[in-house]
Amino acid sequence: MISSVLGSINTSNEIYDLLNGIAEEKIENNDIKEKQQKALVLVKENIGLIEFKGETDAYWKDLETSDVKVMVLSIPANTFIRSANDLKQELSAEDVNGNFLILDGLAYKSNINTKSIVYMKV
């Protein structure tokens with residue numbers, strides 16, 4: 001059922017678009033929108049996707065400690081991530097999206113409070 005509602009998702013950018021409602025603009029039927037939302041909730045719960053949406057005022061916010069491995073699926077443009085204890089690292093959306101990076105912990109920096117970073121613990 002989930003696959004029939006979501007269709008074929010090929011990239012992390014498509015996942016990001018679905019999770020952030022960008023794809024909703026393309027769907028006109030309210031029944032399909034409702035089914036899509038329910039399917040996304042099921043996918044998040046069963047796969048263990050974690051979303052964080054929030055502005056950090058250009059400071060680093062620790063989302064996961066260095067003893068937790070995470071796979072980052074997508075981050076919004078003009079935001080940055082790094083491994084929890086790697087103070088020299090600063091990865092942009094161009095570095096991250098589509099690459100499914102695995103990091104030791106996760107720190108996030110953003111000036112956007114309307115779009116989400118999407119990751120999962122591995």
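Structure notes:
- Enumeration of residues in the range 49-78 that are surrounded by 17 or more Cβ atoms within 10 Å (Cβ to Cβ) and more than 14 Å from V122 (Cα to Cα): T56, L63, S74, I75, P76
- The set of residues in the range 88-99 being closer than 16 Å to L63 by Cβ and surrounded by fewer than 18 Cβ atoms within 10 Å (Cβ to Cβ) consists of Q89, E90.
- Those residues of the range 34-54 which are closer than 17 Å to I112 by Cβ and in a strand (DSSP E or B), in sequence order: E51, F52, K53
Quick grid of which residues meet (1) of a type in the set (A, V, I, L, M, F, W, C); (2) more than 22 Å from V41 (Cβ to Cβ); (3) free of Cβ contacts under 8 Å to residues at least 40 places away in the same chain:
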residue	(1), (2), (3)
T79	no, yes, yes
L91	yes, yes, yes
G98	no, yes, no
D104	no, yes, yes
A107	yes, yes, no
T114	no, no, no
I117	yes, no, no
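- Only one entry in I81, I102 is in contact with a strand residue (DSSP E or B) (Cβ under 8 Å, 6 or more places away or on another chain), in a strand (DSSP E or B) and surrounded by fewer than 15 Cβ atoms within 10 Å (Cβ to Cβ), namely I102.
- Of the residues making up the range 55-64, those that are under 18 Å from L91 (Cβ atoms) and either assigned to a strand (DSSP E or B) or at pLDDT 90 or above (or both) are T56, Y59, W60, K61, D62, L63, E64.
- In this structure, V5 does not qualify as modelled with pLDDT of 75 or more and out of contact with any Phe, Trp or Tyr (no Cβ under 9 Å at 6 or more places or on another chain).
The values are calculated or read from the model by the stated rules, or taken from the named source; none is laboratory data. Keep in mind it's a predicted model, so treat the numbers as computed, not measured. Cβ atoms come from the backbone with ideal geometry, glycine included; neighbour counts cover every protein chain shown.
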